[in-house]
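Some notes on the structure that comes next.
Rule-based calculations on the coordinates, nothing more; no lab input. These figures come from a predicted structure and were not determined experimentally. Neighbour counts run over all protein chains shown; Cβ positions are idealised from the backbone, glycine included.
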Amino acid sequence: MISLIIIDDEYEIRVGLRNYFPWNDLGFEVQEIFGNGFDALEFISSHDVEVVLTDIRMPEMDGIELIRRIRSIKPSMRIVVISGFRDFEYAKQCISLGVTEYIVKPTKYEELKHIFSRIANDLKNSEQNENSVEVIDKVRKYIDDHLGDVSLVSAAQAVDLNPYYLSTLFHHETNEKFYEYVLRKRIESAKNMLTSSNLPINEISKRVGYSNANSFSRIFRMSTGMTPSQFRERGN
C-alpha cells in the first residue's frame, strides 16, 4: 500500500477525506491526518510517507512553506495541493515546487479518483523501473565476476529469473543484447590482459571464456581489426 497523509486545518474536510474516499481500493493507506503543517512535517521527517495531500491556506505554516520544507528533506515526494482559492500566484508557486497536482475546492470525487489512480500507477512503474535497474546491475556484476564461464542461463539463475525474461529485460534496460554485452566485456578484459601482462594468448582466451584459442583470435580480430598478437605488439 502507498503511504499517504492528509493535511487540512478544517476538521470536517480532513476527516471526510480520510473516511469517505476509497483510498484502499486505489492502493493507498492513510497513515495520519493533520490540522497544521508543523505536526505534518514532524511526522514526515520520521516516517516513510510517499504522498501528501495538503491544503494551502492554513494558520502558522501555510501549504507553500510546508511544501518548501518537505522538498528540503524529501525532494521526490508526490505532493497534491487542494485549495479553496483559484489563485494563479499560488498555483505558480506550487508548480515551481514540483507539486504533482493542484486541485481547487470543492473537490469532485471523479477528479480526485482520477488523480490518485494516476499517482498510484506512476509509483508502481517507478518501483518496477528501480527493481529492473537493480537486477541489471547485479547481472553486470555477475558477468564481470564470471567472464570465463558466464552464460545467459547462469546469469538468470544468479538473479532468479527466467533466461528468456532476463534476455528481454537486459535488452530493454541497456539497449544492448546480453550476448553483445558479454562479448564486449570479454574483449575489453582481453585487451587489458594483452597490454598489462605477459600471459600467453591461449591462457587469456580461457580466462575470458574461450576454450579454443583460434576461435578467440578470430572473434578478437572481428571486434578490433587486429589479432591478439598484433594488439599486444601495438600496445607495447
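Take the Cβ atoms of E176 and K113, set R0 to 41 Å, and the FRET efficiency comes out at 0.50. Rounded to the nearest whole angstrom, the semi-axes of the ellipsoid equivalent to segment 19-103, taken from the Cα gyration tensor as √(5λ), stand at 19, 16, 13, largest first. Our compactness index for the chain, the C-alpha radius of gyration over the empirical 2.2 N^0.38 Å, is 1.58. Label sites at R234 and K138, each approximated as a point 7 angstrom past Cα along Cα to Cβ, lie 3.9 nm apart.
Treating each Cα of segment 54-143 as one equal point scatterer and applying the Debye formula with no solvent, the log10 of I(q)/I(0) at q = 0.15, 0.18, 0.25 Å⁻¹ comes out as -0.67, -0.86, -1.27.
Look at the alpha carbon pairs under 8 Å that are at least 6 residues apart: their mean separation over the length of the chain gives a relative contact order of 11 percent. In this structure, I73 and H146 have a Cβ-Cβ separation that, at R0 = 30 Å, corresponds to a calculated FRET efficiency of about 0.15.
Can you give the translational diffusion coefficient of segment 126-175 in µm²/s, computed by Stokes-Einstein from the Kirkwood radius over Cα pairs at 20 °C and 1.002 mPa s?
For the chosen part, D equals 197 µm²/s.
Helical runs (DSSP H, four residues minimum) scored at -39500 (n - 2.57) apiece and divided by the length of the chain put the mean residue ellipticity at 222 nm at -19000 deg cm²/dmol.
Considering every alpha-carbon pair of segment 179-235, the percent of pairs per 10 Å bin, from zero through the bin containing the longest distance, is 27, 65, 8. For segment 119-236, the calculated P(r), taken from all Cα-Cα distances in 10 Å bins from zero up to the bin holding the longest distance, is 13, 38, 26, 15, 5, 2 percent.
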